[in-house]
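Throughout, read-outs are computed from the coordinates displayed, never taken from laboratory work. Everything quoted here is computed from the prediction, not taken from an experiment. When we count neighbours, we look across all protein chains shown, and the Cβ atoms used for this are built from the backbone with ideal geometry, even at glycine.
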Amino acid sequence: MTGPSDPVADRLAILELTANLGLLVDAREWAEIEALFTDPVVIDYTSLNGGEPQTLHPAEVVGGWQRMLDHLDATQHLIANQVIELDGDRASCGANVQGTHVLANASGGPLWTVGGRYDYKLARTADGWRITGLTLTVRWATGNQHIMTLAAEKGGK
């Protein structure tokens, strides 16, 4: 979708889009999260989970997140320091991300926090800017990562 664009308006729209990802995940607004992505979207969480990047439908991405995160007591995803590069109807955005995951449990501490970088690939669509790709690069983690296994086990029941 080409046409005249306003770089300032584009940057503001991309800032809001990338910030909304964290806010909506923490609010468990799953349908709204799906609308942030193109179909398909490339998700690369290999620095956290290993494996290969995946090309998925937004419902598959959100469904995976929902199965795990709905079984935590709380999360807080902070996305900051976005640096945006515009290229017509395409853009990229690098941002710092910190995700704290909370689950009271009998096998250790209730918190697991991971910090790193998100790299977004974006495209202008008829519905505005959307995420076409998301890569997480983990830089550090602290706490009890086992709470994610406990949440996944709850999601499998």
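Condition test on THR75, is it surrounded by 14 or more Cβ atoms within 10 Å (Cβ to Cβ), among the polar types (S, T, N, Q) and either in contact with an Asp or Glu (Cβ under 6 Å, 6 or more places away or on another chain) or over 29 Å from LEU150 (Cβ atoms) (or both)?
Yes: the conditions hold for THR75.
Check ASP70, ASP89 and return the single one that is in contact with a Lys or Arg (Cβ under 7 Å, 6 or more places away or on another chain) and within 16 Å of THR38 (Cα to Cα).
Of ASP70, ASP89, the one residue that is in contact with a Lys or Arg (Cβ under 7 Å, 6 or more places away or on another chain) and within 16 Å of THR38 (Cα to Cα) is ASP89.
Considering only region 123-157, how many residues are touching a residue at least 60 places away in the same chain (Cβ under 8 Å), surrounded by 13 or more Cβ atoms within 10 Å (Cβ to Cβ) and of a type in the set (S, T, N, Q)?
Qualifying residue count, region 123-157: 3.
Would you point out which residue out of GLY64, GLY22, GLY88 is surrounded by 15 or more Cβ atoms within 10 Å (Cβ to Cβ), farther than 20 Å from ARG139 by Cα and among the small types (Gly, Ala, Ser)?
Numbers: GLY22 fails: farther than 20 Å from ARG139 by Cα; GLY88 fails: surrounded by 15 or more Cβ atoms within 10 Å (Cβ to Cβ).
From the options GLY64, GLY22, GLY88, the qualifying one is GLY64.
Criterion first (more than 25 Å from GLY143 (Cα to Cα), hydroxyl-bearing (Ser, Thr, Tyr) and either buried (at least 19 other Cβ atoms within 10 Å of the Cβ) or out of contact with any helix residue (DSSP H, G or I) (no Cβ under 8 Å at 6 or more places or on another chain) (or both)) does SER47 satisfy it? Reasoning before the result, please.
Numbers: more than 25 Å from GLY143 (Cα to Cα): no; hydroxyl-bearing (Ser, Thr, Tyr): yes; either buried (at least 19 other Cβ atoms within 10 Å of the Cβ) or out of contact with any helix residue (DSSP H, G or I) (no Cβ under 8 Å at 6 or more places or on another chain) (or both): yes.
In short, no.
Check region 54-68 and report whether any residue there is in contact (Cβ under 8 Å) with a residue 40 or more places away in the chain and touching a strand residue (DSSP E or B) at 6+ places or on another chain (Cβ under 8 Å).
Checking region 54-68: not a single residue is in contact (Cβ under 8 Å) with a residue 40 or more places away in the chain and touching a strand residue (DSSP E or B) at 6+ places or on another chain (Cβ under 8 Å).
Answer yes or no as to whether VAL41 is surrounded by 16 or more Cβ atoms within 10 Å (Cβ to Cβ), aliphatic (A, V, I, L, M) and within 21 Å of THR149 (Cα to Cα).
no
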